[in-house]
Each structure stands twice: as C-alpha cells, then as structure tokens.
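Data block below; observations after.
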Amino acid sequence: MSDQINLKDELYLKDYAGKIHNLPLGELYEVLGVVKKDSSDERVKIVMDRIHELEAEIQTNKSNKKKKVKVKPVKAAREDSANRESPVKLFIRKLFWISLMAVFVVSRVQDVAHKILDGSFDVTECGITFTMDILPFFCFGIGYKIARRFTMAKKKKFHLGVAFFLMGKAVLGICLDVYLGVVCQFYDEKASYVSVIVLAAALLFTVNMFRRKVKDKFATNGMLPMAIALLAEQQIWMM
C-alpha cells in the first residue's frame, strides 16, 4: 500500500497527520510499528511527533493533579483557622451565658422563696415559669446546631443561637399570653405585642443570616434582635 503512495507528498502527509491526531497513545504505537516499514521516514516522524505531544500532555496533567492535592490541605487548614474562634471570644461568650443563666436561677429561687414565705406559692404557676425560662435556652442549642450545618452561618453560630433563643421566648409568649422579658414581665395583650415584635425581629435576622441580603457586621450580630427585644419591652411597658 505504501509503495503505491507518494510518501513525500505534502497534501497526503498533512491529511495523514490529521487522521492520526485523535488516536490514543496505545494505537499510535501500533501505527508506529507499521509505518517503520516505509521506504522513507516521513510518516514515522509524524507519528513520533504526535506520540511525544501526547506523552507531554499526560505528564503535565499528572503534575497538575499533584499540585492540586498539595494545595487542598493548605486551603482547608486556612479555612479551619479562619472559622476557629479566638480563646478570648469563646471565654466571653461562655461567661455571658453562664452569667445570664445564673441571674435567671437566682431570680427564680428568690421568687419561689418569697411566695413560699407569704403563702402564695402555686406549683402550676412555678412550673410554667420554669418552663418559660428553660425552653428558650433549649432553642438556643437548636439554633447553634443548625448553624453548624450551613457554611454561610458557620462563623455566626452564637448569633443564630441568640435569634432562636428569642424566637423560643416569643412563641411561648404568644401561646401562654405571658412574656418573661429581661427587664420586666408582661401579661395578656402586652405580652402578645412584645412577643410578636420579638418574633418578627428574630425571624428577619435568621433569614438574613442565610440569604445574606444585608452583610453589615451589625446586621449579622445577635445583639441586634436582642436590642430590639429590650427596646420593645421598654416601649410596651411605658404604654
């Protein structure tokens, strides 16, 4: 076949190079074994050049994969260090919640002691009050765990927990017509007013935490809905 073809014809050689261009490396070596029998080395040179090109591409791809494998652990380590909270912030947050729980416990113990002394102690009322104090902290834990599952809220676990804490207090206030605020307690209509305002603030804050419509640091800080809750308490109390 090769004796009937002009192996030095440029058009033929160009067409031949196009035909072997898409062949895999294994088939190219088979073709190389055939064209080595040619009377001239034009086709051998074309096949050898293509083999060298493919081998160079394979080597480059291997090098790139090795680089990617080396870069990934470094990137992951940087992300972990960025997401890791400083010991000072961790200590302040824990101290804040321990102090808040201590205030709740002391105030409730004093309240129960006074009621026992004056003979107005009611087990049912005491149970409701205790439940309304404890459940918001349980909601805080739920919010904290949910934040762990979402990368966008990973650095804001504490703040999302505060929003869930307030939502727990607000839902209880709507259901029981009693809102145990930080400053004072509300009953009936006033409890509903405060609860609705606090619930709306906490929900909007939570939605923004995940959708990131407002990226300002203050807008993603749990103290924002807490401040709104305190302001609502003061305004309703003055009514």
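The values are calculated or read from the model by the stated rules, or taken from the named source; none is laboratory data. Just so it is clear, the model here is predicted, and its values are computed rather than measured. Protein only, heavy atoms only, side chains kept; ligands, DNA and RNA dropped before computing areas. Shrake-Rupley method; radii C 1.70, N 1.55, O 1.52, S 1.80 Å.
Per-structure values
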| item | result |
| --- | --- |
| Tensor-based shape of region 1-50 (alpha-carbon gyration tensor, a/c under 1.5 rounded, otherwise prolate or oblate) | oblate |
| Cα centroid of region 120-169 to Cα centroid of region 4-62, whole Å | 72 |
| Carbon/sulfur fraction of accessible area - region 189-239, other protein chains in place, 1.4 Å, % | 69 |
| Out-of-range pairs (alpha-carbon distance over 22 Å; input LYS19/LYS65; LYS14/LYS62; LYS94/LYS190; LYS94/LYS156) | LYS19/LYS65; LYS14/LYS62; LYS94/LYS190 |
